[in-house]
There are 2 protein chains.
Amino acid sequence: MKESVIKKNNMLDIKGVKVIPLGGLEQIGMNITAIEYEDSIIVIDCGLSFPEDEMLGIDLVIPDVTYLKDNIDKVKGFVITHGHEDHIGSLPYILKDINVPVYGTKLTIAIIENKLKEHNLLKNTKRKVIKYGQSINLGCFRIEFIRTNHSIADAAALAIFTPAGILFHTGDFKIDFTPVFGDPIDLQRIGEIGKKGVLALMCDSTNVERPGYTMSERTVGKTFDSIFTDYAKQRIIVATFASNVDRVQQIINSAEKYGRKVVIEGRSMVNIITTASETGYIRMPENILIDIEMMKNYTDDQLVLITTGSQGETMAALSRIAASIHKKVSIKPGDVVILSSTPIPGNEKAVSKVINELSMKGAKVIYQDTHVSGHACQEEIKLIYSLTKPKYAIPVHGEYRHLIRHAELANVMGVPKENIFLLSSGDVLTLSNEKAGLTGKVPAQGILVDGLGVGDVGNIVLRDRQHLSENGLIIVVVSLEKYSNQIMAGPDIVSRGFVYVRESENLIEEARDVVEKALDKCLSKNNADWGKMKTEIKDSLSDYIWKKTKRNPMILPIIMEV
Amino acid sequence: MKESVIKKNNMLDIKGVKVIPLGGLEQIGMNITAIEYEDSIIVIDCGLSFPEDEMLGIDLVIPDVTYLKDNIDKVKGFVITHGHEDHIGSLPYILKDINVPVYGTKLTIAIIENKLKEHNLLKNTKRKVIKYGQSINLGCFRIEFIRTNHSIADAAALAIFTPAGILFHTGDFKIDFTPVFGDPIDLQRIGEIGKKGVLALMCDSTNVERPGYTMSERTVGKTFDSIFTDYAKQRIIVATFASNVDRVQQIINSAEKYGRKVVIEGRSMVNIITTASETGYIRMPENILIDIEMMKNYTDDQLVLITTGSQGETMAALSRIAASIHKKVSIKPGDVVILSSTPIPGNEKAVSKVINELSMKGAKVIYQDTHVSGHACQEEIKLIYSLTKPKYAIPVHGEYRHLIRHAELANVMGVPKENIFLLSSGDVLTLSNEKAGLTGKVPAQGILVDGLGVGDVGNIVLRDRQHLSENGLIIVVVSLEKYSNQIMAGPDIVSRGFVYVRESENLIEEARDVVEKALDKCLSKNNADWGKMKTEIKDSLSDYIWKKTKRNPMILPIIMEV
């Protein structure tokens, strides 16, 4: 597949519509794709990604939008498929530079507005709520929002009518014939658009490795009911994704059915549920919600606590409850805790830790059959191919292992291999009815955010953090007299994260001898080049430490001139 | 369950056999349990555990055997259930202090001998090979080795005949009626021992969350055959656990059947397969093995490469192949790579990375239906309870979530709740036919090994590494003149892992001003207490940095007197 892409690298003469992912393969989860035709650009989604393990200390990663900045006059707006972080999370950072209107469905825009409010950007940002079936014209594009199902309400697929043909982008989706809120995905309209002729399909790849169909969200409600029956006397705590409004709705439904009051805990949970309530995306029976402070007035069998932290996130409410550092909730034997989510790869150990901690405190932890995915499995993806019959396939939303599987599936569904494109971030793919291929490359490295700093932490800083994290550091300070280069003070040795110094006094003492010898060697040669002196100290000390400990701490010689 | 343990804390008058886990719950995977009766101690297994994520830079964790050292005259020997790292890995460290004989089955002892050779301990360690069905007398104990099945050949359960009754320890096991090598688990003998009356059962909990039965190892061989049929023309690479000798045997069987030569790659794979070959645990058809250098003389359809790295371990052969840094093997489009293992929790992302990298190079990666577990599922565990009908149950080998599930299962199988003990590392559980309970606590914190250092990295060092890894550090150096306390040089500011300095010159410049002000403040007050001066520098700089960056680097003020 990759090969066909590379082969077409020289085809720079295609006139057509450009598809330019600015995140994606290299920044998994960061969904942002520019669509360009002559002097019009629209941007689908504006997500962030969370740091990889080796990005020590990094809070989040946002896209590089240099290309959009360079073409700011062309950029007509952001069209957003749904309100998940990996699709909207970078908006507050990017809107500062690319201040264009944002379009989305009602709940999506409401969630974005929350976010903009936090960043003080609400006043300066144009937003527009789009209904399913409605179209907007942006430059030479017409974009239609089409109803889909996902693990958040109000998710949309986008049909982008371009002068070169129709692009169909599924967003994140599943096919739920019995959704908890609203209607099933609009398969009729997708078929109708397919009949008109789809130039390219950009389809969700998340679950492409899974055969069959994803179960309906409604099946989880049945599990909740049976748990509420089985544990009628116990206090029930349910942790799930804050944004899974339908899941929360079903917990509330069970609570209502079994006569329990509901407490909502965790900042993002409170935010989203409030927004969903206000916009009518969640049905909240009267008087069912109580404040967390009021829990003491109810017995265990009258309470359900809905909370964040189902992924074992350290600072989320459930983790704090499990670790006994939550101010208002503590686990007691008999409590029933439902983890209503499956660990996202990488979170397994954190989730296990929470399960262990809760179990040790006597809670019954239930985590089987309490979740369904929000993404389409193989048969659902095939259905979308059947309905759209695209000329070109551009698998999106997944790691390479998913994209390549998706490519196989697209091929099975009738898309010729040479018409399937697995794009890397920054690739410029140009499509026309006649031909298609890579026609360029734009900057699209993720930008690291650490605290208030955006982009000031790069590879060197990360490499240093890695080095420090594994081996700690040794600082050598020495004062030399100007001109004479006599040692006036030191060498002093300070270490952090290396060894427990009190138990390694000899080692540090001997290290000082090694440094002194290195200094003597330089000074006796009248070699007062500080660079060379530092290298000599570093090399000899590092040799000595490795020999003695088989460790490789960072060594920082500092020479002061007095 | 936990409660019953705590309640019995005061029962210090039990005369019986003591069960003392020195690893386990707090050091998952570190299997080592002392069994004590009057003046006899034997130790079951001597494993190591791998560092948790927060143990930055730590290579491995070994048990604290202070209790054994303090009772060295009682200790009669190590009885080892099987040759996996989490059961034998600490032997080279522990034998230095506790030099007693080691008993195990033939393959287990052969693997241990490899290890001792590497550590130059072979000469000084007594080893003895025990056959299935054979018993040894150690102090007042008689220990019988009983055949089981596991993901390594020659695994044994132990029946420990003590003056207080029989302890039955399953080791790691599964029930395989059609094992690849040797016979199925000796259920008859287990039944016979059960009939005599088992005081306590210590049974593997790893898969206790999974219903049903673990499939036979032989089923994987069928998958291999069908992959070898489907990809008859391609080069096939199979990654699996080095110690899974039966798995390797099945790959070799398929290779033989389909006329392919076999290359073994990866140090631990070569070691174990050589040992298994020499001891007769693997059947190696004549001339099937070729050296890796000879691969070039064969066509793709004539080759199978068996390698380590199925868990995405950075330094293992498969990861190096995937990252194109392996010296002798490089992936080409069309290669078929089989990952014959399931990611151990925590390794998911690393495995995914390898799959992605291999796919990008054009390999077909197969990872479904290519593995079965080596541990018993619920029905198998129930069978062991049925055969042994223990008075007490001590679930072993698992996180707390597993132990608590196991306790539920033991209870369903007829063990009263108050007779089930979930032990923490260091707990002393004393068992007699009349009563049982916790009677003490011994030291059992894991000891961290970093390079050559054993135990010289503690919490302070780890906390520093954590701090450094997230935020980097800022060093402030200043030279003061003796007596006068005049600033002779500096303050100089050096940072590592904080920000990319060239782009943050202003920040560093302003930081220097902040430090100068702090110094002036101290010196003007004639406050030349260096401790106070350092605190003042630290506090003011840390405030400034937080305000500017919302980051919290480690700040290290160093004052030199010249």
- Top-ranked residue of the stretch B:544-562 - restricted to ones that are part of a helix (DSSP H, G or I) and buried (at least 19 other Cβ atoms within 10 Å of the Cβ), ranked as modelled with the highest pLDDT: B:I545
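May I ask you to say which residue of A:K548, A:K538 is in contact (Cβ under 8 Å) with a residue 40 or more places away in the chain and within 19 Å of A:E470 (Cβ to Cβ)? Outline the logic, then answer.
Values: A:K538 fails: in contact (Cβ under 8 Å) with a residue 40 or more places away in the chain.
Testing whether each residue is in contact (Cβ under 8 Å) with a residue 40 or more places away in the chain and within 19 Å of A:E470 (Cβ to Cβ) leaves just A:K548.
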- Message: Checking B:S205 against (1) hydroxyl-bearing (S, T, Y); (2) closer than 27 Å to B:G266 by Cα; (3) at pLDDT 95 or above, only one condition comes out false. Which one?
- Response: (2)
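One line per residue, one yes/no per condition, for (1) within 24 Å of the chain's Cα centre (by Cα); (2) at pLDDT 95 or above; (3) in a loop (DSSP other than H, G, I, E, B); (4) farther than 30 Å from B:L422 by Cα:
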{"site": "B:L201", "(1), (2), (3), (4)": "yes, yes, no, no"}
{"site": "B:T219", "(1), (2), (3), (4)": "no, no, no, yes"}
{"site": "B:K233", "(1), (2), (3), (4)": "no, yes, yes, yes"}
{"site": "B:I237", "(1), (2), (3), (4)": "no, yes, no, yes"}
- Counting just the residues of the stretch A:302-341 that are assigned to a helix (DSSP H, G or I) and without any contact (Cβ under 8 Å) to a residue 40 or more places away in the chain, which one comes out nearest to the chain's Cα centre (by Cα)? A:S319
- Task: Go through (1) in contact with a Lys or Arg (Cβ under 6 Å, 6 or more places away or on another chain); (2) at pLDDT below 95; (3) closer than 28 Å to B:G374 by Cα; (4) hydrophobic (A, V, I, L, M, F, W, C) one by one and return the number of the condition B:L56 breaks.
- Result: (3)
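Restricting attention to the stretch A:128-159, which residues are charged (D, E, K, R) and either surrounded by fewer than 18 Cβ atoms within 10 Å (Cβ to Cβ) or not assigned by TED's automatic domain parsing to the domain that holds A:D86 (or both)?
Scanning the stretch A:128-159 gives A:K128, A:K131, A:R142.
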- Item | Residue within the stretch B:208-226 that is open to solvent by less than 10 Å² (accessible area, probe 1.4 Å) and within 14 Å of chain A (Cβ to nearest Cβ) present | yes
- Message: So B:K361 ticks every box in (1) open to solvent by less than 50 Å² (accessible area, probe 1.4 Å); (2) of a type in the set (D, E, K, R); (3) not assigned by TED's automatic domain parsing to the domain that holds B:V61 but one. Which box is left unticked?
- Response: (1)
- Regarding A:K117, is this residue farther than 18 Å from A:I32 by Cα, in the same structural domain as A:G23 (by TED's automatic domain parsing), part of a helix (DSSP H, G or I) and open to solvent by 50 Å² or more (accessible area, probe 1.4 Å)? yes
- Query: Going through the stretch A:491-502 one residue at a time, which ones are open to solvent by less than 70 Å² (accessible area, probe 1.4 Å), modelled with pLDDT of 80 or more and not aromatic (F, W, Y)?
  - Reply: A:P491, A:D492, A:I493, A:V494, A:S495, A:G497, A:V499
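From the list B:V494, B:V476, pick out the single residue that is within 7 Å of chain A (Cβ to nearest Cβ), out of contact with any Lys or Arg (no Cβ under 8 Å at 6 or more places or on another chain) and closer than 15 Å to B:L541 by Cα.
Values: B:V476 fails: within 7 Å of chain A (Cβ to nearest Cβ).
The unique qualifying residue is B:V494.
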- Message: So, in the stretch B:316-345, exactly how many residues are surrounded by fewer than 18 Cβ atoms within 10 Å (Cβ to Cβ) and within 14 Å of another protein chain (Cβ to nearest Cβ)?
- Response: 7
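This table checks each residue for (1) open to solvent by less than 70 Å² (accessible area, probe 1.4 Å); (2) outside any loop (DSSP other than H, G, I, E, B); (3) not hydroxyl-bearing (S, T, Y).
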| position | (1), (2), (3) |
| --- | --- |
| A:A444 | yes, no, yes |
| A:Q466 | yes, yes, yes |
| A:Y483 | no, no, no |
| A:A489 | yes, yes, yes |
| A:S504 | yes, yes, no |
| A:E509 | no, yes, yes |
| A:A518 | yes, yes, yes |
| A:C522 | yes, yes, yes |
| A:G531 | yes, yes, yes |
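Scan the stretch B:446-459 for residues that are surrounded by 17 or more Cβ atoms within 10 Å (Cβ to Cβ), within 11 Å of chain A (Cβ to nearest Cβ) and within 19 Å of the chain's Cα centre (by Cα) and jot them down. Let's see the steps before the verdict.
Restricting attention to the stretch B:446-459, the residues satisfying the condition of being surrounded by 17 or more Cβ atoms within 10 Å (Cβ to Cβ) are B:446-451, B:453, B:456-457.
Restricting the remaining residues to those that are within 11 Å of chain A (Cβ to nearest Cβ) gives B:448-451, B:453, B:456-457.
Within the stretch B:446-459, B:L448, B:V449, B:D450, B:G451, B:G453, B:V457 meet the criteria.
Of all the strands (runs of 3 or more DSSP E) wholly in the stretch A:36-89, which have at least 3 residues that are surrounded by fewer than 24 Cβ atoms within 10 Å (Cβ to Cβ)?
Values: elements: A:40-44, A:60-62, A:75-79.
Counting at least 3 such residues, we get A:75-79.
In the stretch B:149-173, how many residues are part of a strand (DSSP E or B) and acidic (D, E)? Write out each step before concluding.
If we filter the stretch B:149-173 for residues that are part of a strand (DSSP E or B), which is where we start, we get B:149, B:156-162, B:165-169.
Next cut, acidic (D, E) only: none.
Total satisfying the criteria: 0.
Restricting the search to the stretch B:268-301, which residues are part of a helix (DSSP H, G or I) and aliphatic (A, V, I, L, M)?
First, the residues of the stretch B:268-301 that are part of a helix (DSSP H, G or I): B:268-278, B:292-297, B:300-301.
If the condition is that a residue be part of a helix (DSSP H, G or I) and aliphatic (A, V, I, L, M), then B:M269, B:V270, B:I272, B:I273, B:A276, B:I292, B:M294, B:M295 are the ones that fit.
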- Give me a count of the residues in the stretch B:235-259 that are touching a residue at least 40 places away in the same chain (Cβ under 8 Å) and open to solvent by 10 Å² or more (accessible area, probe 1.4 Å). 8
- Task: Give the residues of the stretch A:512-562 that are within 13 Å of another protein chain (Cβ to nearest Cβ) and basic (K, R), sorted by residue number.
- Result: A:K534, A:K547, A:K548, A:K550, A:R551
- Conditions (1) at positive phi; (2) touching a Lys or Arg at 6+ places or on another chain (Cβ under 7 Å): number failed by A:C377: (1)
- Query: Consider A:K123 against the criteria (1) modelled with pLDDT under 95; (2) open to solvent by less than 10 Å² (accessible area, probe 1.4 Å); (3) farther than 26 Å from A:K382 by Cβ: it satisfies all of them except one. Which criterion is unmet?
  - Reply: (2)
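The values are calculated or read from the model by the stated rules, or taken from the named source; none is laboratory data. These numbers were taken from a predicted model, which means no experiment stands behind them. Neighbour counts run over all protein chains shown; Cβ positions are idealised from the backbone, glycine included. For accessibility, only protein heavy atoms count, side chains too; no ligands or nucleic acids. Shrake-Rupley method; radii C 1.70, N 1.55, O 1.52, S 1.80 Å.
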